[in-house]
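Below: one structure, written as structure tokens.
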Amino acid sequence: MVFPMELLKLADWLLCQLLAGSCYRAAMRVKNYGFLITNAKNPSFRSPPSSQAHPQPPQSPFPPVTKCSLQGRESETLVCDIHGTLLRPQSFFPYFMLVAFEGGSIFRALLLLLSSPFLWVLGHDLKLRTMIFISFCGLRVRDMESVSRAVLPKFYLEGLHAHAYEVLASAGRKVVFTSVPRVMVEGFLREYLSVDDVVGTELQTSGGYFTGLVSGSGLLVKHRALKAYFGEKRPEIGLGGPSFHDHLFISLCKEAYLVTKEEAKGSAGSVVLPRSKYPKPLVFHDGRLAFLPTPLATLSMFLWLPLGIVLAIFRLFVGIYLPYKLAIFLGTLSGVKFKISGSKPTKSDRRKGILYVCTHRTLLDPVFLSTSLGQPLTAVTYSLSKMSEIIAPIKTVRLTRDRGKDGETMQKLLSEGDLVVCPEGTTCREPYLLRFSSLFAELADEIVPVAMDAHVSMFYGTTASGLKCLDPIFFLMNPRPCYHVQLLEKLPRELTCAGGLSSHDVANNIQKQLADALGFECTSLTRRDKYMMLAGNEGIVKEKKKKLF
């Protein structure tokens, strides 16, 4: 009975807010019209001169953020908001959409999209409460934790305002006050921006689920929260946006600077923080959406979905059942951009196959390599769903992570023909290469490095915590997915184990060659690092034991 009563209270509150807002606006109009009528009857009233009939908006009492000095701030305290200050997008709607889609479901995302026209006419507080309710009602707390850890940081980093971030980074102590839910921003602010404390709106939970309602304290009011946090002490620096509430907020600081809408838009990307200046490298992230889901972009996605599903099934059918040349022709005709560079290597040892060592972007890497070579290959993988094995147009063999057994398996497969291996052990979306396993270097002398790269515009074709069987479908659902297969020269004998090098040296050398070919950066991160960060596990799919009858 508690939850239905909360819903009734929310409905009552919404009705009061809507009625109160409507009455207030009506009263203000009556007041304004009454003022004009009264003065029209008063002959002593003089209208302002034409130059003042439409007065220019008053200049802001605070200087722009670009005027803030960055020197000597190490011992000073800075306060700001993430919404409208640290982030360039003026609306927080896209980030609520990410929570609704990635943490909830496609139906929750559709409901939030359908509410967007009504959000335009609501005041700030009511709009925020509505988005919170739709995005969080019934959402599991652990799903929100996953989204805040693995999905949101990518979009926050891409939306950072360069000048505001530089000022934030120059301060010794950083405290963020925000009216958006604290659970949406705290993880990113602490881990990536080294913020000392985050004060935001708290949400109600019940039994591991969000109720969709804010706590009893209500939405956070920034200037009041700042007074309660610091007391009589005034922080040295305050950053704010152009809203009246932000003016009140930063007026309590010794120095105050504004991030205006014009500065947030910037010119020629001057306010966009480049990847090279990210406070922490973005190597891993999760989620299906590859774009910032603004209302218009999300609407485009939903309109594309029916055609995208049909197109993905068609592309899948073409790749599985048709000959290579015809598959490339029809795939390109359907919108798949397929680039092939390099020449097919010649085999010097007829008794043993060539080992193709690939970078790992999606599960379709071996398939696109096989298509580009025009010959069937065998691919080895550490984990693959049953569905992926069934629909794979090439032979796939699952490894056990037992070095001895896996070595024997790969040796046997090489004696039967050419083999594809992805020594990173897992996919990576960003321009980085994970540490290569050195097992493959011990098994073959004929090694061909292959630089694979994939680009998408709407959906990512990889996941760490979602259903892996849908990865190929999501990749092929993109309007124009792109794959680039670059065949490098076969490794000289002196750079293999047969030439006297250790397997680790061979693996590191190939990793560097592939990184240089793609313009990527080598890392020492592993599959385990990725899954521990994104999914909280080691990414190992345990086989279910068959029941004996």
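Per-residue SASA remark: GLU76, around 40 Å² accessible (1.4 Å probe; ligands, DNA and RNA not included). Can you tell me how segment 65-277 classifies by the Cα gyration tensor, rounded, prolate or oblate, using a/c under 1.5 as the rounded cut? Prolate. Of the residues LYS337, LYS233, the one with the largest accessible area comes first in the ranking LYS233, LYS337, computed with a 1.4 Å probe on protein heavy atoms.
Projecting the Cα atoms of VAL214, MET131, TYR229 onto the dipole axis of segment 65-277, where Lys and Arg carry +1 and Asp and Glu carry -1 at the beta carbon, places MET131 farthest toward the positive end.
Computed with every protein chain present, the accessible area of LYS254 is close to 130 Å² [probe 1.4 Å].
What ranking, highest mean first, results for peptides 463-469, 131-137 when packing means the other Cβ atoms within 10 Å averaged over each residue?
Most protected by this proxy first, the peptides run 131-137, 463-469.
Look at the dipole of segment 268-392 built from charges on Cβ: of LEU330, VAL357, THR298, the Cα furthest out on the positive end belongs to VAL357.
Using C-alpha pairs under 8 Å with a sequence gap of at least 6, the mean separation divided by the residue count of segment 295-535 gives a relative contact order of 26 percent. Among the listed pairs LYS347/LYS405; LYS352/LYS386; LYS67/LYS261; LYS127/LYS174; LYS339/LYS386; LYS395/LYS490, which have their C-alpha atoms separated by more than 20 angstrom in this model? Going by Cα-Cα distance, LYS347/LYS405; LYS352/LYS386; LYS127/LYS174; LYS339/LYS386; LYS395/LYS490 fall outside the 20 Å limit. Once all protein chains are placed together, LEU525 keeps about 60 Å² accessible to a 1.4 angstrom probe. Shown for segment 295-535: the carbon plus sulfur share of the solvent-accessible area, taken with all protein chains present and a 1.4 angstrom probe, equals 59%.
Treat every Asp and Glu Cβ in segment 65-277 as -1 and every Lys and Arg Cβ as +1, leave all other atoms uncharged, and give the resulting dipole magnitude about the Cα centre to the nearest 20 debye. Working shown, then result.
On the way: 24 positive and 20 negative charges, 31 e Å.
Here segment 65-277 has a charge dipole of around 160 debye.
On a per residue basis, segment 65-277 carries 42 Å² of accessible surface, using protein heavy atoms and a 1.4 Å probe.
Summed over the residues of segment 295-535 and divided among them, the accessible surface reaches 45 Å² per residue at a probe radius of 1.4 Å.
Computed from the C-beta positions of ALA162 and LEU501 and an R0 of 51 Å, the FRET efficiency is 0.70 to the nearest 0.05.
A simple spin-label model places the labels of GLU416 and MET533 3.6 nm from each other, with each point 7 Å out along Cα-to-Cβ. For segment 65-277, carbon and sulfur atoms together expose 54% of the accessible surface, with a 1.4 angstrom probe and every protein chain in place.
The values are calculated or read from the model by the stated rules, or taken from the named source; none is laboratory data. All of these numbers come straight from a predicted model, not from anything done at the bench. Backbone-built Cβ (ideal geometry, glycine too); neighbour counts: all protein chains shown. Just so you know, the surface numbers come from the protein's heavy atoms only, side chains and all, with ligands and any DNA or RNA stripped out. Shrake-Rupley method; radii C 1.70, N 1.55, O 1.52, S 1.80 Å.
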